[in-house]
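Notes follow once the structure below has been shown.
The values are calculated or read from the model by the stated rules, or taken from the named source; none is laboratory data. Predicted model only: the values in this text are computed from it and were never measured. Because the Cβ atoms are built from the backbone with ideal geometry, glycine has one as well, and the counts that use them run over all protein chains shown.
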Amino acid sequence: MAPTEPTQTYHCDIAIIGGGIAGLWLLNRLVNAGYNAVLFEQTALGSDQTVASQGMIHGGIKYTLGGTLTGASEAIADMPDHWRACLSGNGDVDLRGAATLSDCFYLWSSNSALSRMSTFLASKATRGRVNKVGKKDRPALFQHPEFSGSLYQLVDMVLDVPSVVKALAENCPERIFKIDWTQASWQRMPNQSVAIDFLHNAQYYRLAPRQVVLTAGQGNDALLKELGISSPQMQRRPLQQVMIRHNQPHRFYGHCLGAETTPRLTISSHPCADGSQVWYLGGTLAEKGAHQTADELIDCAKRELADLMPWLDLSGARWATLPVDRAEPRQRNFARPDKAFASRAEGCGNVIVAWPTKLTLSPNLADEVMALLKKMETTPSGSAIPELDFLERPPLAPTPWQTAFGD
Ligand SMILES: Cc1cc2nc3c(=O)[nH]c(=O)nc-3n(C[C@H](O)[C@H](O)[C@H](O)COP(=O)(O)OP(=O)(O)OC[C@H]3O[C@@H](n4cnc5c(N)ncnc54)[C@H](O)[C@@H]3O)c2cc1C
């Protein structure tokens, strides 16, 4: 229970709640635009979805697998270029400290989906964005004589997500705090705005931000309930990814096209500290396997790989799964959102709620929030960083494979 008057009240322009890719990217954008912004993370930076993602920065080609352009495919078409500019130090956020795992992504077809592949390649959406890969240029995994299909290269790229999180955090470490909600609480102000009270040494310190942005991923759900906000609302899309730790030399990044309009299997490869690597499997396998037991899903994954790459020997590999939810703004008919979402909360004067819906769309989310701030005439105030140094700093989240296999 907070006292009526805190010992000290601090001010800032924007308080961001949640230090995944959305919150960290937004913090960087706001600070670069001159805002006095701070971020609060309850566990570790990049927890939940961000470090669990496959790191693909895509231009939406995978949404055109049905052969037609959709809202989703158009909204993110220029995202890879946006990220590339940031990676080279010429964008609106400095990502020079982040590592790229692959600057292209492959697409191949199972035999049962050859006609779908032809429809896809004939569609306008793929022009200039998909190139056939000649036999000698194929990645090592597809040099095997048993591979008889065709392989295509997409302009999408894959980033080492932990290094992206680290780079974004290191750009403004003095503005990132760990929040312990047993020692912090929301306060409703008479004008219906919200503030946060921190308990420290039996004293209350209040942070009264001009705007609060909730970028807590699935954590937004509980925050919305706690603040009594009925709109917007959240939906979850459950997945169960498969992780294979092995010593095969093949690093591979690609989608296998199957009978459906989403990839049958998506493979990304992630380095481990001891030189081994983890293949991280998503796509339809992870969507359909969301409610299977780990053993059932691992059996399915083994069958899929034996069917698609019978020449691959994964004996001696270690297997694990990761159940994880995608958090998205609630859509009619549970549809997939087309682009990043940011909206003012109903009944809370200074709260914005945001979900990027894709790692790729984080720049788009920052644009949306900046546009809302402009509309509300919230301009940079020139105030100082609030003196909250009694709070700890959050660590970086471990990857799911570090957690599953140890390092
Ligand atoms: C398996 C998987 C693979 C994916 N692959 C890709 C991909 O290849 N490409 C792509 O573009 N997208 C991908 N995505 C989607 C992408 O990962 C997410 O859209 C994105 O990471 C969401 O970021 P976020 O910051 O909104 O949420 P999160 O990453 O979930 O971060 C939320 C943060 O908020 C913190 N938090 C929660 N509650 C509170 C609270 N009350 N107070 C303070 N902090 C709080 C959490 O600890 C966490 O650090 C994938 C998603 C999944 C699940």
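Quick notes
- Note on the stretch 329-369: among residues that are modelled with pLDDT of 95 or more and of a type in the set (Asp, Glu), the one that is surrounded by the fewest Cβ atoms within 10 Å (Cβ to Cβ) is GLU346.
- Against the list (1) crowded, with 21+ Cβ neighbours inside 10 Å; (2) not in a strand (DSSP E or B), the condition ASP313 fails is (1).
- Residues in the stretch 228-259 that are assigned to a loop (DSSP other than H, G, I, E, B) and under 23 Å from the mean Cα position of the chain (by Cα) were compared, and the one that is modelled with the lowest pLDDT is ARG251.
- Just one of (1) part of a helix (DSSP H, G or I); (2) buried (at least 19 other Cβ atoms within 10 Å of the Cβ); (3) more than 12 Å from the ligand (Cβ to nearest atom) fails for CYS300. It is (2).
- Residue check, ARG326 under 22 Å from the mean Cα position of the chain (by Cα), basic (Lys, Arg) and either more than 21 Å from ASN32 (Cα to Cα) or surrounded by fewer than 17 Cβ atoms within 10 Å (Cβ to Cβ) (or both): yes
- Hits in the stretch 312-358 - residues which are of a type outside the set (Ser, Thr, Tyr), under 19 Å from ALA286 (Cβ atoms), within 11 Å of the ligand (Cβ to nearest atom) and in contact with a strand residue (DSSP E or B) (Cβ under 7 Å, 6 or more places away or on another chain): LEU322, PRO323, VAL324, ASP325, ARG326, ALA327, GLU328, PRO337
- Whichever residue in the stretch 260-297 is in a helix (DSSP H, G or I) and within 16 Å of the ligand (Cβ to nearest atom) and, among such residues, is surrounded by the most Cβ atoms within 10 Å (Cβ to Cβ): LEU285
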